[in-house]
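In what follows, a structure is listed as structure tokens, so that the remarks can point back to it.
The values are calculated or read from the model by the stated rules, or taken from the named source; none is laboratory data. Bear in mind the structure is a predicted one, so any value in this text is a computation, not a measurement. Backbone-built Cβ (ideal geometry, glycine too); neighbour counts: all protein chains shown.
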Ligand code: ARG
């Protein structure tokens, strides 16, 4: 279904065309002066330049043509020739009832669905997650939900970082701690233990220990590098260890991501594509896209018109190992073979933009995928109140589970402060605090334009007032409670007949959903949807303050308002769901 602004645009386009003027001049938009009229059309100004006439005269002609149109109650001309439009009562009513009848409350689907891979999350095995991984997870998840909602086939892949130096560090650290394990005996060839030699706490302790030791001791670093190279060259004992490390790490990660409410179709990692690398390199050589340079094998990606220098992508280092770019290219090969996607979105820190530029150019040069089918969806950094990259209170690196506990605790304190949930049993109250905490973190992230940096401030994020996740959950829960009371009284909704200014404004807010969904998707900008949800909640709040629902005596008016409340809740919950927010039943 078309939004009212679109219907008006079609109508005005026809009016311009009838005067021999381009149809697109009829474009109608939300007005800059909503106090005068909710919509305006500025086409008469451009038309005047084309037709060499006075813009106010043209506007007056168009206005005359619109006289008596069932969509329009009245028109007026402002300033040099802006045409203000007030929709008719019937137009509001038809629009509201059409939204009510639509299962998606107005949000349409894309015309050409694609098969998309979204590569996000990207935590590294054994290394603690940092806030960049959290952002990637929250933004990537919103995009996967939005992409599916608008009709694309989306395959999400966590793309674990499990093939770098950190693996060499873990191997050497384990060797130092338990030198007698069979994995380190070069003559041993199995059978291999099925139980991992470490648990998640060991892993979390071992990586930082090894990394610090290697930083202080060149020889220690060399051992880790050698172990990494041997692993990548296929040393069996090390490969078995790698599988153990990945399995142990994955189990903990799965719990964390489950708690975050973020799910992936694929849990593939860099190490999975290692077997594809030799053939890929042969193929690249045959295509003539590689070059030898100082003992390394590279792909040059610089172009004449580059403003910034573009260093070549290193495919094989002089030490013979595959690097980050190599596994990313092999991952495209793997996805081409197993998925056959039209497009890949990489939701990764903007600081990796040069890496992705190299990978995309190299992929295009090697004929893997066209560059315009590969998108880096970057984002800014999260800082602490001190302006430095955010760390948890102890100053250490963040663990996702700690962060979620922190959010839940803060949410719980806010709820107590506001007297929310006092009549609930402990389990329910704790679950509501969990949802409020998660909503706080996710919404605080998504509401910003993704490339901007923001300050991590749990106090602000968990506030029940302002543009926050908790405010929006509260808005939805409040409508739920109104509807429950109505049901208890045996009241039900009916045809929507917007009379008051607040009812009409609410209908227009609801009518903006389609535009917000498609704007957010096509620009890969969840903040556009956040903005919509916030405006919708505010429009409802103003409506509810001005228009009594349950106490209303007139049956038709009460039923209409009840339906408006129902419709608002449906859209609110749909939209919050797209952002990855869960709404409690009560608060
Ligand atoms: N593991 C990487 C990191 O921590 C992120 C992976 C992003 N995805 C990709 N295909 N490179 O920085």
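Please enumerate the residues belonging to region 89-120 that are within 16 Å of the ligand (Cβ to nearest atom) and part of a loop (DSSP other than H, G, I, E, B). 120 - this is the single residue of region 89-120 that is within 16 Å of the ligand (Cβ to nearest atom) and part of a loop (DSSP other than H, G, I, E, B).
For region 536-587, the set of residues classified as under 23 Å from residue 436 (Cα atoms), free of Cβ contacts under 8 Å to residues at least 40 places away in the same chain and surrounded by fewer than 17 Cβ atoms within 10 Å (Cβ to Cβ) consists of 538 only.
Being touching a residue at least 12 places away in the same chain (Cβ under 8 Å) and either more than 12 Å from the ligand (Cβ to nearest atom) or assigned to a loop (DSSP other than H, G, I, E, B) (or both) is the filter here, so list the residues in region 364-374 that pass it. I'd like the intermediate steps shown before the answer.
Going through region 364-374, the residues touching a residue at least 12 places away in the same chain (Cβ under 8 Å) turn out to be 365-369, 373-374.
The answer is 365, 366, 367, 368, 369, 373.
Going residue by residue through region 246-260, is there one that turns out to be within 28 Å of residue 581 (Cβ to Cβ), surrounded by fewer than 20 Cβ atoms within 10 Å (Cβ to Cβ), free of Cβ contacts under 8 Å to residues at least 40 places away in the same chain and out of contact with any helix residue (DSSP H, G or I) (no Cβ under 9 Å at 6 or more places or on another chain)? Yes, some residue in region 246-260 is within 28 Å of residue 581 (Cβ to Cβ), surrounded by fewer than 20 Cβ atoms within 10 Å (Cβ to Cβ), free of Cβ contacts under 8 Å to residues at least 40 places away in the same chain and out of contact with any helix residue (DSSP H, G or I) (no Cβ under 9 Å at 6 or more places or on another chain).
Can you tell me which residue is surrounded by the most Cβ atoms within 10 Å (Cβ to Cβ) among those in region 320-342 that are modelled with pLDDT under 95 and away from the ligand (no atom under 16 Å from the Cβ)? The extreme case among them is 321. Listed here are the helices (runs of 4 or more DSSP H) enclosed by region 377-472 that have at least 2 residues being surrounded by fewer than 19 Cβ atoms within 10 Å (Cβ to Cβ) and free of Cβ contacts under 8 Å to residues at least 40 places away in the same chain: 400-418, 426-446. Within region 22-45, the residues that satisfy the criterion of being modelled with pLDDT of 95 or more and out of contact with any strand residue (DSSP E or B) (no Cβ under 9 Å at 6 or more places or on another chain) are 22, 23, 24. The number of residues in region 148-171 being buried (at least 24 other Cβ atoms within 10 Å of the Cβ) and in a helix (DSSP H, G or I) comes to 5.
At least 2 residues being more than 25 Å from residue 151 (Cα to Cα) is the threshold, and among the helices (runs of 4 or more DSSP H) wholly inside region 486-576 those reaching it are 501-511, 526-546.
Contact map, region 339-359: residues that are closer than 20 Å to residue 160 by Cβ paired with residues that are surrounded by fewer than 16 Cβ atoms within 10 Å (Cβ to Cβ) and at pLDDT 95 or above, Cβ distance under 9 Å, separation 6+ or inter-chain. Pairs shown: 339/115; 341/114; 341/115; 341/153.
Every residue, every condition in (1) in contact (Cβ under 8 Å) with a residue 40 or more places away in the chain; (2) more than 18 Å from residue 321 (Cβ to Cβ); (3) crowded, with 19+ Cβ neighbours inside 10 Å, yes or no:
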| site | (1), (2), (3) |
| --- | --- |
| 181 | no, yes, no |
| 189 | yes, yes, no |
| 194 | no, yes, no |
| 215 | no, yes, no |
| 225 | yes, no, no |
| 232 | yes, no, yes |
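Only one of the numbered conditions (1) at pLDDT below 95; (2) in contact with a helix residue (DSSP H, G or I) (Cβ under 7 Å, 6 or more places away or on another chain); (3) under 30 Å from residue 222 (Cα atoms); (4) more than 16 Å from the ligand (Cβ to nearest atom) is violated by residue 317, and that is (2).
Could you check, for region 491-506, whether at least one of its residues is in contact (Cβ under 8 Å) with a residue 24 or more places away in the chain and touching a strand residue (DSSP E or B) at 6+ places or on another chain (Cβ under 6 Å)? For region 491-506, residues in contact (Cβ under 8 Å) with a residue 24 or more places away in the chain and touching a strand residue (DSSP E or B) at 6+ places or on another chain (Cβ under 6 Å): absent. Of the residues 297, 323, the single one that is within 27 Å of residue 167 (Cβ to Cβ) and under 34 Å from the mean Cα position of the chain (by Cα) is 323. Would you check which residues across region 343-365 are surrounded by 19 or more Cβ atoms within 10 Å (Cβ to Cβ) and more than 22 Å from the chain's Cα centre (by Cα) and list them? Passing the criteria: 358, 359, 361, 362, 363.
Going by the conditions given, is residue 217 under 30 Å from residue 143 (Cα atoms) and at pLDDT 95 or above? Judged against the criteria, residue 217 is not a match.
Can you tell me which residue in region 121-146 is surrounded by the fewest Cβ atoms within 10 Å (Cβ to Cβ), limited to those that are under 25 Å from residue 575 (Cα atoms) and near the ligand (Cβ under 9 Å from one of its atoms)? So, considering only residues that are under 25 Å from residue 575 (Cα atoms) and near the ligand (Cβ under 9 Å from one of its atoms), the one surrounded by the fewest Cβ atoms within 10 Å (Cβ to Cβ) is 132. Tell me which residues, restricted to region 276-318, are exposed (fewer than 12 other Cβ atoms within 10 Å of the Cβ) and within 21 Å of residue 344 (Cβ to Cβ). Those that are exposed (fewer than 12 other Cβ atoms within 10 Å of the Cβ) and within 21 Å of residue 344 (Cβ to Cβ): 279, 287. Counting the residues of region 73-88 that are touching a residue at least 12 places away in the same chain (Cβ under 8 Å) and either surrounded by 20 or more Cβ atoms within 10 Å (Cβ to Cβ) or more than 14 Å from residue 8 (Cα to Cα) (or both) gives 11.
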